[in-house]
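Worksheet: the structure to be examined is printed underneath.
The values are calculated or read from the model by the stated rules, or taken from the named source; none is laboratory data. Note that the structure is predicted; figures quoted are calculated from it, not measured. Surface accessibility is based on the protein's heavy atoms, side chains included, excluding ligands, DNA and RNA. Shrake-Rupley method; radii C 1.70, N 1.55, O 1.52, S 1.80 Å.
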Amino acid sequence: MLNRIKYGLIIGAAILLSACGTTVKRIDANETVDLSGVWNDSDSRMVAEEMIQDSLSRVWISQFTASSGRPPAVIVGTVRNLSHEHINVNTFVADMSRSLVNSGQVDFVASSNERNEIREERKDQDLNATEDTRNAAGQEQGADFMLTGQINTIIDVEGKEQVRYYQIDLTMVSMANNRKVWLGQKKIKKLVKNGKMRF
(Lines give C-alpha, C1' and ligand atoms only; values in the text may rest on other atoms or scores of the structure.)
Protein backbone atom coordinates (compact mmCIF):
# COMPACT_ATOMS: atom_id res chain seq x y z
CA MET A 1 0.00 0.00 0.00
CA LEU A 2 2.82 2.38 0.88
CA ASN A 3 4.50 1.64 -2.44
CA ARG A 4 1.30 2.45 -4.32
CA ILE A 5 1.03 5.81 -2.53
CA LYS A 6 4.68 6.64 -3.35
CA TYR A 7 4.16 5.57 -6.95
CA GLY A 8 1.01 7.72 -7.18
CA LEU A 9 2.83 10.73 -5.74
CA ILE A 10 5.69 10.32 -8.20
CA ILE A 11 3.30 10.07 -11.15
CA GLY A 12 1.32 13.08 -9.89
CA ALA A 13 4.50 15.13 -9.46
CA ALA A 14 5.67 14.18 -12.96
CA ILE A 15 2.33 15.22 -14.46
CA LEU A 16 2.41 18.51 -12.53
CA LEU A 17 5.98 19.28 -13.62
CA SER A 18 5.26 18.48 -17.26
CA ALA A 19 2.24 20.80 -17.16
CA CYS A 20 4.46 23.66 -15.92
CA GLY A 21 7.19 23.11 -18.54
CA THR A 22 8.08 25.53 -21.31
CA THR A 23 6.13 25.23 -24.53
CA VAL A 24 7.20 26.67 -27.86
CA LYS A 25 4.99 27.36 -30.84
CA ARG A 26 6.37 28.71 -34.10
CA ILE A 27 4.35 31.58 -35.56
CA ASP A 28 4.61 33.74 -38.66
CA ALA A 29 7.29 36.42 -38.25
CA ASN A 30 4.82 39.04 -39.54
CA GLU A 31 2.09 38.09 -37.05
CA THR A 32 1.35 40.79 -34.48
CA VAL A 33 1.77 39.55 -30.91
CA ASP A 34 1.42 41.98 -27.99
CA LEU A 35 2.42 40.35 -24.71
CA SER A 36 3.52 43.25 -22.51
CA GLY A 37 2.26 46.32 -24.35
CA VAL A 38 5.77 47.74 -24.86
CA TRP A 39 7.36 48.56 -28.23
CA ASN A 40 7.86 45.36 -30.21
CA ASP A 41 8.87 44.04 -33.64
CA SER A 42 5.40 44.66 -35.09
CA ASP A 43 5.53 48.32 -34.05
CA SER A 44 8.99 48.69 -35.56
CA ARG A 45 8.04 47.13 -38.88
CA MET A 46 4.69 48.93 -39.18
CA VAL A 47 6.08 52.38 -38.34
CA ALA A 48 9.08 51.99 -40.64
CA GLU A 49 7.02 50.84 -43.61
CA GLU A 50 4.31 53.49 -43.21
CA MET A 51 6.71 56.37 -42.66
CA ILE A 52 9.03 55.42 -45.51
CA GLN A 53 6.05 55.02 -47.87
CA ASP A 54 4.89 58.50 -46.86
CA SER A 55 8.36 59.91 -47.39
CA LEU A 56 8.69 58.35 -50.84
CA SER A 57 5.31 59.72 -51.93
CA ARG A 58 6.33 63.35 -51.33
CA VAL A 59 7.55 65.92 -53.83
CA TRP A 60 11.19 66.11 -52.67
CA ILE A 61 12.09 62.99 -54.68
CA SER A 62 10.61 64.18 -57.97
CA GLN A 63 12.10 67.65 -57.49
CA PHE A 64 15.59 66.25 -56.90
CA THR A 65 15.33 63.77 -59.79
CA ALA A 66 14.13 66.50 -62.17
CA SER A 67 16.98 68.85 -61.26
CA SER A 68 19.80 66.27 -61.10
CA GLY A 69 18.67 63.66 -63.61
CA ARG A 70 19.16 60.80 -61.14
CA PRO A 71 17.47 59.38 -58.03
CA PRO A 72 18.55 60.83 -54.68
CA ALA A 73 21.10 58.99 -52.54
CA VAL A 74 19.90 58.58 -48.95
CA ILE A 75 21.69 57.59 -45.76
CA VAL A 76 20.05 56.79 -42.42
CA GLY A 77 21.65 58.75 -39.60
CA THR A 78 20.95 58.59 -35.87
CA VAL A 79 17.52 57.63 -34.57
CA ARG A 80 17.45 58.47 -30.86
CA ASN A 81 15.44 56.55 -28.30
CA LEU A 82 14.06 59.19 -25.90
CA SER A 83 11.34 56.88 -24.61
CA HIS A 84 10.79 55.45 -21.12
CA GLU A 85 11.77 51.95 -22.21
CA HIS A 86 14.61 50.10 -23.86
CA ILE A 87 14.03 50.06 -27.61
CA ASN A 88 16.43 48.35 -29.96
CA VAL A 89 16.75 51.20 -32.44
CA ASN A 90 18.94 49.08 -34.73
CA THR A 91 15.99 46.89 -35.77
CA PHE A 92 13.92 50.01 -36.50
CA VAL A 93 16.75 51.48 -38.61
CA ALA A 94 17.11 48.15 -40.42
CA ASP A 95 13.37 48.12 -41.17
CA MET A 96 13.58 51.65 -42.60
CA SER A 97 16.70 50.82 -44.60
CA ARG A 98 15.01 47.78 -46.14
CA SER A 99 11.94 49.81 -47.10
CA LEU A 100 14.11 52.50 -48.73
CA VAL A 101 16.27 50.07 -50.68
CA ASN A 102 13.37 47.89 -51.82
CA SER A 103 11.38 50.92 -53.04
CA GLY A 104 13.75 51.37 -55.98
CA GLN A 105 13.12 55.12 -55.80
CA VAL A 106 16.36 56.10 -54.07
CA ASP A 107 19.98 55.03 -53.99
CA PHE A 108 20.91 53.92 -50.50
CA VAL A 109 24.32 54.77 -49.06
CA ALA A 110 26.06 52.63 -46.43
CA SER A 111 26.26 53.92 -42.85
CA SER A 112 29.48 55.24 -41.34
CA ASN A 113 30.18 51.94 -39.55
CA GLU A 114 29.58 49.96 -42.73
CA ARG A 115 31.75 52.35 -44.76
CA ASN A 116 34.69 51.90 -42.37
CA GLU A 117 34.53 48.13 -42.77
CA ILE A 118 34.31 48.44 -46.55
CA ARG A 119 37.27 50.85 -46.61
CA GLU A 120 39.36 48.35 -44.68
CA GLU A 121 38.48 45.70 -47.25
CA ARG A 122 39.44 48.13 -50.04
CA LYS A 123 42.84 48.68 -48.42
CA ASP A 124 43.32 44.92 -48.25
CA GLN A 125 42.35 44.60 -51.92
CA ASP A 126 44.85 47.31 -52.82
CA LEU A 127 47.63 45.13 -51.41
CA ASN A 128 46.39 41.65 -52.24
CA ALA A 129 43.84 41.60 -55.09
CA THR A 130 44.66 41.41 -58.75
CA GLU A 131 44.54 44.67 -60.66
CA ASP A 132 41.46 43.72 -62.69
CA THR A 133 39.44 42.86 -59.53
CA ARG A 134 40.74 45.62 -57.27
CA ASN A 135 38.33 48.42 -56.30
CA ALA A 136 40.02 51.78 -56.00
CA ALA A 137 39.53 54.25 -53.15
CA GLY A 138 37.83 57.58 -53.80
CA GLN A 139 34.94 56.17 -55.85
CA GLU A 140 32.23 56.21 -53.15
CA GLN A 141 28.85 57.75 -53.78
CA GLY A 142 28.04 60.60 -51.45
CA ALA A 143 24.62 60.94 -49.83
CA ASP A 144 22.28 63.69 -50.96
CA PHE A 145 19.93 63.35 -47.99
CA MET A 146 20.14 62.06 -44.43
CA LEU A 147 17.20 60.56 -42.53
CA THR A 148 17.27 61.14 -38.76
CA GLY A 149 14.68 60.77 -36.03
CA GLN A 150 13.63 60.11 -32.48
CA ILE A 151 11.18 57.96 -30.53
CA ASN A 152 9.33 59.51 -27.57
CA THR A 153 6.78 58.09 -25.12
CA ILE A 154 4.20 59.34 -22.67
CA ILE A 155 3.02 56.82 -20.05
CA ASP A 156 -0.24 57.37 -18.14
CA VAL A 157 -0.88 54.88 -15.31
CA GLU A 158 -3.87 54.38 -13.03
CA GLY A 159 -4.05 51.21 -10.93
CA LYS A 160 -3.60 48.17 -13.17
CA GLU A 161 -4.24 50.09 -16.39
CA GLN A 162 -1.91 52.22 -18.41
CA VAL A 163 -1.89 54.06 -21.69
CA ARG A 164 1.39 53.88 -23.60
CA TYR A 165 1.71 56.62 -26.19
CA TYR A 166 4.54 56.50 -28.73
CA GLN A 167 5.44 59.36 -31.06
CA ILE A 168 8.01 58.73 -33.77
CA ASP A 169 9.37 61.75 -35.65
CA LEU A 170 11.59 61.43 -38.73
CA THR A 171 13.29 64.19 -40.72
CA MET A 172 14.85 64.04 -44.20
CA VAL A 173 17.58 66.69 -44.50
CA SER A 174 19.44 67.85 -47.60
CA MET A 175 23.20 67.33 -47.22
CA ALA A 176 23.85 70.24 -49.57
CA ASN A 177 22.19 72.97 -47.56
CA ASN A 178 20.67 71.44 -44.37
CA ARG A 179 17.18 72.08 -45.74
CA LYS A 180 14.47 69.84 -44.29
CA VAL A 181 12.63 68.33 -47.24
CA TRP A 182 10.30 65.95 -45.37
CA LEU A 183 8.95 65.68 -41.83
CA GLY A 184 7.18 62.48 -40.88
CA GLN A 185 5.31 61.57 -37.73
CA LYS A 186 3.64 58.38 -36.56
CA LYS A 187 1.69 57.92 -33.32
CA ILE A 188 0.82 54.67 -31.55
CA LYS A 189 -1.44 54.45 -28.49
CA LYS A 190 -1.88 51.26 -26.47
CA LEU A 191 -4.24 50.57 -23.57
CA VAL A 192 -2.61 47.93 -21.37
CA LYS A 193 -4.45 46.09 -18.60
CA ASN A 194 -2.14 43.93 -16.53
CA GLY A 195 -1.59 42.79 -12.98
CA LYS A 196 2.09 43.73 -13.28
CA MET A 197 2.73 47.21 -14.60
CA ARG A 198 5.89 48.02 -16.58
CA PHE A 199 7.45 51.45 -17.02
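Below is a table of values for the structure above.
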read-out: Cα centroid separation, segment 58-130 to segment 143-199 (Å); value: 21
read-out: DSSP beta bridge pairing in segment 39-193, given as percent antiparallel to the nearest 5; value: 75
read-out: Spatial extent of segment 39-193: Rg and Dmax, with the Cα atoms as the point set, Å; value: 19.1, 70
read-out: Karplus-derived HN-Hα couplings along segment 44-56 (A = 6.51, B = -1.76, C = 1.60, θ = phi - 60°), whole Hz, x at Gly and Pro; value: 4, 5, 4, 5, 4, 5, 5, 6, 5, 4, 5, 4, 6
read-out: Mean shadow area of segment 98-145 over all directions, Cα convex hull, nm²; value: 4.3
read-out: Amide H within-cut-off set for M175, under 5 Å, with H built and near neighbours excluded; value: F145, M146
read-out: Accessible-area composition of segment 39-193, carbon plus sulfur, in percent [1.4 Å probe]; value: 46
read-out: Per residue value of the accessible surface for segment 39-193 (all protein chains in place, 1.4 Å probe), Å²; value: 59
read-out: Contour excess over end-to-end distance, with Cα ends at S174 and K123 and 0.36 nm allotted per residue; value: 15.3 nm
